[in-house]
Amino acid sequence: MILAVGHGKGRLTCFLGDIRGIVDVSFGKVDMVVDAIIVAKVAHANRPSVNAIYQVGSSVRNPVRYTNLQDYGFNYFTKKPWIGKDGKPVKVGKVKVLSTMSGFSRYMTIRYLLLLKVNLFQVSPQYLSIN
């Protein structure tokens, strides 16, 4: 849900994952997920483990791939855009799914770090002095 809102607001431009990977989507089934986690915790209460991982999902029965999620989000927010604080609709693009950490790092460097460095050079010299 948080990813969907980020996309709708135009803030989520990329995501690290396998475009062919299967995603567990639990819209409207949050109560069942919470119930399953509570049951798992109670069942293992006498066997505490620092490394316990609980995963609840429905990807076997209703598989959704990242590529489907990418299309669903783009289509939905193109037809029903998020309305920004200024009262104007937010235009979204397709979320770029990057499959490797090196690709993600490269994307973040080009998209954000270089812009920050360019903006630093445009700052008045009084802010760049080192004392």
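Any read-out appearing in this document is the output of simple, stated calculations on the displayed coordinates, not a laboratory observation. Because the structure is predicted, anything quoted here is derived from the model rather than measured. Every residue, glycine as well, gets a Cβ built from its backbone with ideal geometry; the counts of neighbours run over all protein chains shown.
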(request) Apply the Karplus parameterisation 6.51 cos²θ - 1.76 cosθ + 1.60, with θ equal to phi minus 60°, to every residue of the range 63-74 and state each ³J(HN,Hα) to the nearest whole Hz, in sequence, with x for glycine and proline. (result) x, 10, 9, 4, 4, 5, 4, 4, 5, 4, x, 4
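For a footprinting-style exposure proxy, rank 44, 7 by other Cβ within 10 Å, fewest first. Write out the running numbers ahead of the final one.
Details: 44 12, 7 24.
Neighbour counts put them in this order, fewest first: 44, 7.
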(request) Based on other C-beta atoms within 10 Å, arrange 38, 22 from fewest to most. (result) 38, 22
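Order by neighbour count: 64, 39, fewest other Cβ atoms within 10 Å first, most last. Don't skip to the end; give the middle numbers.
Details: 64 15, 39 12.
So the ranking, lowest neighbour count to highest, is 39, 64.
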